[in-house]
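Engineer: Once you've had a glance at the structure underneath, I'll fire off some questions.
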Amino acid sequence: MRYDLVIFDNDGVLVDSEPISNRLLAAYLTELGHPTSYEESVRDYMGSAMHRIHELVLERTGLRLPEDFDDVFHARVFAAFEQELLAVAGASEVLEKLAADGVPFCVASSGSHERIRVGHRTTGLDRWFDEGRIFSSQDVGRGKPAPDLFLYAAERMGVAPERCVVVEDSPLGVQAAVAAGMDVYGFTAMTPSEKLLGATQLFPEMAELADLLV
């Protein structure tokens, strides 16, 4: 099926940021007295907006994270991005083919606008995304698994939800896309396929995506 809009998640789909950010998140939570392993961070927080991290910690421990938690965490992440971040292998080629074929695309991420921009600038993907193609959970208030972000992106891009496909790598993102009434292609490079229940299609290599979208 040829879609009228391809909506990309960002972290783990376009930029290979999940290993970096989850390593730093686990370390920071542990530093604050909430022991967390890298594997637990991936399991519990991958694909989450920042507010969900606060909510889960409060729910589990009865304690609130510091008021400056987001600022400190992002400062650490951005510093690491500048040193370590790479684009997901094959992502640039997929975007280039979509552009050449005239298929509209955008990014809709749980991350902040600043995080998206830092990642794109560091990896060179910024040439594909002007401000009109970048949407963040900051824009809607409720992050994934709520469908709000994907519905907002589709509305702003002028495309009906049923004509959109979402490219996601997290269970929360797949849930959000399904709730939005959109097809969703699950990228299994970091997430086992059995955790992406509800995905329309699964694929392990980003280079395969262009052919799937024909």
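Engineer: Being under 25 Å from R76 (Cα atoms) and surrounded by fewer than 18 Cβ atoms within 10 Å (Cβ to Cβ) is the requirement here; does D126 meet it?
Structural biologist: The answer is yes for D126.
Engineer: Being of a type in the set (D, E) and in a helix (DSSP H, G or I) is the filter; apply it to the stretch 61-76 and report the residue that is farthest from the chain's Cα centre (by Cα). If you could, list the steps in order and put the result at the bottom.
Structural biologist: The first filter runs over the stretch 61-76 and keeps only residues of a type in the set (D, E), leaving 67-68, 70-71.
Next, only the ones that are in a helix (DSSP H, G or I) stay: 70-71.
On the way: D70: 17, D71: 19 Å.
So the residue we want is D71.
Engineer: Let me ask you something else. Filter the stretch 45-61 down to the residues that are over 16 Å from L196 (Cβ atoms) and either touching a residue at least 60 places away in the same chain (Cβ under 8 Å) or among the acidic types (D, E) (or both) and list them by number.
Structural biologist: A49, M50, H51, R52, E55, E59 - these are the residues of the stretch 45-61 that are over 16 Å from L196 (Cβ atoms) and either touching a residue at least 60 places away in the same chain (Cβ under 8 Å) or among the acidic types (D, E) (or both).
Engineer: Please go through (1) within 26 Å of L29 (Cβ to Cβ); (2) of a type in the set (V, I, T); (3) touching a residue at least 60 places away in the same chain (Cβ under 8 Å) for V118 and return the number of the only condition it doesn't satisfy.
Structural biologist: Only one criterion is unmet by V118, namely (3).
Engineer: Six or more apart or on different chains, Cβ atoms under 9 Å: show the pairs whose first residue is in the stretch 1-14 and closer than 13 Å to Y185 by Cβ and whose second is assigned to a strand (DSSP E or B) and of a type in the set (S, T, N, Q).
Structural biologist: Hits for this filter: F8/S109; D9/S109; V13/S109.
Engineer: A further question follows. Which ones in the stretch 148-164 are assigned to a loop (DSSP other than H, G, I, E, B) and either touching a Leu at 6+ places or on another chain (Cβ under 6 Å) or within 25 Å of I20 (Cβ to Cβ) (or both)?
Structural biologist: Scanning the stretch 148-164 gives a single hit, V159.
Engineer: Same structure again: Of all residues in the stretch 129-147 being out of contact with any Gly (no Cβ under 7 Å at 6 or more places or on another chain) and part of a helix (DSSP H, G or I), which is surrounded by the fewest Cβ atoms within 10 Å (Cβ to Cβ)? Break it down stepwise before answering.
Structural biologist: The first filter runs over the stretch 129-147 and keeps only residues out of contact with any Gly (no Cβ under 7 Å at 6 or more places or on another chain), leaving 129-135, 138-143, 145-147.
Now narrow it down to the ones that are part of a helix (DSSP H, G or I): 131-133, 138-139.
On the way: E131: 7, G132: 9, R133: 17, Q138: 18, D139: 14.
Of everything passing the filter in the stretch 129-147, E131 is surrounded by the fewest Cβ atoms within 10 Å (Cβ to Cβ).
Engineer: Filter the stretch 108-126 down to the residues that are more than 18 Å from A207 (Cα to Cα) and of a type in the set (A, V, I, L, M) and list them by number. Walk me through it before giving the result.
Structural biologist: Step one: of the stretch 108-126, the residues more than 18 Å from A207 (Cα to Cα) are 108-122, 126.
Within the stretch 108-126, A108, I116, V118 meet the criteria.
Engineer: If a residue has to be at negative phi, assigned to a loop (DSSP other than H, G, I, E, B) and in contact with a helix residue (DSSP H, G or I) (Cβ under 8 Å, 6 or more places away or on another chain) to count, how many in the stretch 165-214 make the cut? Even if it seems obvious, please write down each step before you answer.
Structural biologist: Our first condition is that a residue be at negative phi; within the stretch 165-214, this holds for 165-180, 182-197, 199-214.
Checking the rest, the ones that are also assigned to a loop (DSSP other than H, G, I, E, B) come to 169-170, 180, 182, 188-192, 196-197, 199-200, 204-205, 213-214.
Next cut, in contact with a helix residue (DSSP H, G or I) (Cβ under 8 Å, 6 or more places away or on another chain) only: 169, 180, 182, 189-191, 196-197, 199, 213.
Selection size over the stretch 165-214: 10.
Engineer: Between a residue in the stretch 80-106 that is in contact (Cβ under 8 Å) with a residue 24 or more places away in the chain and any residue that is assigned to a loop (DSSP other than H, G, I, E, B) and of a type in the set (S, T, N, Q), which pairs come within a Cβ distance under 7 Å, given they are 6 or more apart or on different chains?
Structural biologist: Hits for this filter: F81/S17; L85/S17.
Engineer: Then there is this: Which of the following residues is surrounded by 20 or more Cβ atoms within 10 Å (Cβ to Cβ) and either outside any strand (DSSP E or B) or not assigned by TED's automatic domain parsing to the domain that holds Y185 (or both): G33, G47?
Structural biologist: Numbers: G33 fails: surrounded by 20 or more Cβ atoms within 10 Å (Cβ to Cβ).
Residue meeting the stated conditions: G47.
Engineer: Can you tell me which residue within the stretch 4-30, out of those that are within 30 Å of G102 (Cα to Cα) and of a type in the set (S, T, N, Q), is surrounded by the fewest Cβ atoms within 10 Å (Cβ to Cβ)? Steps first, answer last, please.
Structural biologist: Going through the stretch 4-30, the residues within 30 Å of G102 (Cα to Cα) turn out to be 4-18.
Keeping just the survivors that are of a type in the set (S, T, N, Q) gives 10, 17.
Details: N10: 24, S17: 26.
Checked the stretch 4-30; the qualifying residue surrounded by the fewest Cβ atoms within 10 Å (Cβ to Cβ) is N10.
The values are calculated or read from the model by the stated rules, or taken from the named source; none is laboratory data. None of these values were measured; they are calculated from a predicted model. FYI the Cβ positions are ideal-geometry reconstructions off the backbone, even for glycines, and counts take in every protein chain you see.
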